[in-house]
Amino acid sequence: MNDLFVLLGIQSWKPVLTALALPPLPWILLMLVGARMMFWRRSVSWLLLLLGAAGLWLSCTSAVGHWLERAVLKPPPALAPDRITEVKRIAETAGYKVAIVVLGGGREAMAPEYGLANLIDLSLQRLHYGVWVSRQIGAPMLFSGGVGHVGNVGVAEAEVAARIAEKDYGRPLTWTEAESRDTRENASRSMALLKTAGITDIVLVTHGFHMPRSMRAFQSEAQRAGVPMRVWPAPMGLAAPSERPLLRWLPSSEGFQKTRMVLRELMGLLVGA
């Protein structure tokens, strides 16, 4: 499906189609259909209204979001200390053949409090963890992220990350990939940079819900390019909900965001994005 978008030159439509397919719109449409049927199919109408209301409620709970992430996406476990030691040994043995690759998650074209562009929370969390992993392993970093399909103004996300990494963390990026608009382009453009640098192992940093699709994209790109490059997953954001069990089943903005992100990743996996 993604290849079809590319062939037709409508990649910029992907965010629109995604927004239309994700909650709450499908549940709202179901309820509207149920309301319209109230005059001639009362029992079916009530069923659709109840299903729509239940779907809307559940899609806003953190319990459903975390369950979907574990049961459907099945993200790999966090990078354990023994794995970090193993990758560090590779880096020390082969010089700078290991690279930490951090995938962007979005940026603010202009943050008024700073007077310049800034990363959104998802990207800042990934960059923070990427810097930590880079220090643990002693490997250079690459940040991948442009302006996305929906953005058309301001500096690229990777450029913002480079500024923050150097000025706020004291850990300058070795590479910045500032042209990609989605995960597949993250992989293809990052691989081109790393292949030239002779990198043999990648430690891939992104959120757990995004990791299955990212791993597939990077492994597929390495195979397509004929590069024997290993990809080590370093997922983050895997912590279990900390609120009481009852609260996990109550609607919240966090639960709604989590469910949407998981369903978005599931759609991306199914259509090959």
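Could you name the lysines in cross-link range of LYS88, using Cα to Cα under 19 Å and dropping any fewer than eight places away on the same chain?
The reachable lysines, counting only those whose Cα sits under 19 Å from LYS88, are LYS97.
How big is the accessible area of TYR169 in square angstrom, nearest 10, if you roll a 1.4 angstrom probe over the protein chains?
60 Å²
Express in % the proportion of alpha carbon pairs of region 204-262 at distances exceeding 12 Å.
Cα-Cα pairs of region 204-262 separated by over 12 Å account for 73 percent.
Could you tell me the accessible area of ILE120 in Å² (1.4 Å probe, neighbours in place), rounded to the nearest ten?
Accessible area, nearest 10 Å²: 50 Å².
Compute the signed sum of charges (Lys and Arg +1, Asp and Glu -1) over the other residues within less than 15 Å, Cβ to Cβ, of LEU127.
Taking every Cβ under 15 Å from that of LEU127, the sum is -1.
Whole number please: convex hull volume per residue, Cα atoms of region 170-270, in Å³.
138 Å³
Estimate the FRET efficiency between ARG224 and GLU92 by the formula 1/(1 + (r/R0)^6), using the beta-carbon distance for r and 25 Å for R0, to the nearest 0.05.
The formula returns an efficiency of 0.25 here.
Given a 1.4 Å probe and every protein chain left where it sits, what share in percent of the accessible area of region 65-125 is carbon and sulfur?
57 percent
For TRP249, what accessible area in Å² do you get when you roll a 1.4 Å probe over the heavy atoms of the protein chains, rounding to the nearest 10?
Accessible area of TRP249: about 130 Å².
The values are calculated or read from the model by the stated rules, or taken from the named source; none is laboratory data. Quantities reported herein were computed from a predicted structural model and do not represent experimental measurements. Glycine also receives a Cβ, built like all others from the backbone with ideal geometry; neighbour counts cover every protein chain displayed. These area figures cover heavy atoms from the full protein model, side chains too; ligands, DNA and RNA do not enter into them. Shrake-Rupley method; radii C 1.70, N 1.55, O 1.52, S 1.80 Å.
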